Amino acid sequence: MDTLTQEKLEEKFQAKIDADIKIEPNDWMPDTYRKTLIRQISQHAHSEIVGMLPEGNWITRAPSLRRKAVLLAKVQDEAGHGLYLYSATETLGVSREDTIDDLHSGKVKYSSIFNYPTLTWADIGAIGWLVDGAAIMNQVALCRTSYGPYARAMVKICKEESFHQRQGYEIMTTLMNGTEAQREMAQDAMNRFWWPALMMFGPSDGESKHTEQSMRWRIKRHTNDELRQSFVDASVPQAELIGLKIPDPNLKWNEARGHYDFGAIDWEEFWQVVGGNGPCNKERIDARVKAKEEGEWVREAAMAYAKKHKS
Ligand code: FAQ
């Protein structure tokens, strides 16, 4: 293709983005736009699937039948989110098999948050409230992302995530209305999940290598720091309402900014976890690889059945 045609195509493409017209799978798109989407959506899909593991750990130990039914439904929702997102990735011309292999080989990332362990029942409350809460803050904005299949997947995902956030907050509220030991357990979960939840939004804007281009393409509608700030502003009153303390001595309402100021994030910890050295990275990938190996016979049987009924 000559450069003039390439330039014209890129101009037309950007004009569509600027007019908020969705890009669909068969539309022309720059190679780098396609690659950025494959990276982000597949990372997002993997996060949903790996994210089932810390909570799945508590299904057999949920404190009542009601809690168990709710947690089962939530974890199954996450599986569904992963499947929509793998489908959205496939519309960009990559196979699901390759995408999953990239996760297992460590080539592609998933959210740092799922490399932390779930030590107590209160962690399930903290994940629902804070982790799903952070996920929604990011995903509501993604309902308006420029790539059609990703934006449409996000609409259903956000509806389910807001139920997840409420169930987590309800667990925390119940614990905070319980015994001294239950309140301590809830506060301990808060202490361990608060900072990793803030890290979910990614590096600060000055350090984020993809934000500028992704904002121009309207893949991202807000920067990492903008979303992180909105999350802090929304979470502080929720914590205060049920008597939980935010583990940050520098957290303070700033009247002039109209936002909470908060302490420095430990970016060294973030990059260690992203780089594979978090508390549970190895355990998470081992579990996914094992699940794939043990599911081989199911896939084979399904394919054989599909072939037989096609012919
Ligand atoms: N963890 O230049 P940026 C959920 C990487 S879903 C690991 O700022 P970008 C539901 C990033 O990939 C949670 N890696 O990147 C649920 C890049 O690396 P690369 C997942 C991270 O893409 C709840 C490098 O750092 N949500 O929780 C992280 O513009 C409960 C530089 O960063 C999504 O994936 C991180 N936290 O912005 C499930 C939402 N942050 O690839 C179960 C969609 C950054 O160049 C239970 N994704 N990195 O080597 C996004 O919005 C964006 O991709 C960001 C990062 C905001 C995550």
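No value in this document is a laboratory result; all are computed from the given coordinates. It should be emphasised that the depicted structure is a prediction, and the values quoted were computed from it without experimental measurement. Glycine also receives a Cβ, built like all others from the backbone with ideal geometry; neighbour counts cover every protein chain displayed.
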- Query: Which far-off residues, 5 or more places away or on another chain, put their amide H under 5 Å from the one on HIS259, with H placed in the peptide plane?
  - Reply: ASN254
- Message: Please give the Cα centre distance for the stretch 118-156 versus the stretch 245-264, rounded to the nearest Å.
- Response: 23 Å
- Note on the structure: Residue-normalised 222 nm signal for the chain, counting each DSSP H run of n ≥ 4 as -39,500 (n - 2.57), nearest 500 deg cm²/dmol, is -21000 deg cm²/dmol
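Please compute the Kirkwood hydrodynamic radius over the stretch 245-311, one decimal place, Å, based on all pairs of different Cα atoms.
Evaluated on the stretch 245-311, it is 16.9 Å.
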- Message: Taking the number of other C-beta atoms within 10 Å as the exposure measure, put PHE231, PHE114 in order starting with the fewest.
- Response: PHE231, PHE114
- Message: My understanding is that a pair violates if its Cα-Cα distance is over 29 Å; which of LYS107/LYS307; LYS8/LYS220; LYS107/LYS209; LYS74/LYS282; LYS35/LYS308 do that in this structure?
- Response: LYS107/LYS307; LYS35/LYS308
- Quickly work out the ALA79-to-ALA15 label distance, labels modelled 7 Å from Cα along the C-beta direction, and quote it in nm with one decimal. 4.8 nm
- Task: Set the Förster distance to 51 Å, then compute FRET efficiency between GLU226 and HIS309 from the Cβ-Cβ distance, nearest 0.05.
- Result: 0.50
- So HIS259 and PHE163, fully extended at 0.36 nm per residue minus their Cα-Cα distance, gain in nm 32.0 nm
- Could you calculate the FRET efficiency of GLN6 with LYS156 from 1/(1 + (r/R0)^6), where r is the beta carbon distance between them and R0 is 51 Å, rounded to 0.05? 0.90
- Task: Round to the nearest 0.05 the FRET efficiency obtained for THR32 and GLU184 when R0 = 51 Å and r is the Cβ-Cβ distance.
- Result: 0.55
- Task: Can you put GLU226, GLU293, GLU212 in order of Cβ neighbours within 10 angstrom, beginning with the fewest?
- Result: GLU293, GLU212, GLU226
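Which of ASP225, ASP20, ASP205 comes first, and how do the rest follow, when ranked by fewest Cβ neighbours within 10 Å? Please report the intermediate quantities before stating the final value.
Values: ASP225 17, ASP20 9, ASP205 13.
Taking fewest neighbouring Cβ atoms as first place, the list is ASP20, ASP205, ASP225.
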- Item | Dipole of the chain, positive end: most advanced residue of ALA45, PRO25, ALA189 [Cβ charges, Cα centre] | PRO25
- Query: How do 56-69, 170-183, 117-130 rank on mean C-beta neighbours within 10 Å, highest first?
  - Reply: 117-130, 170-183, 56-69
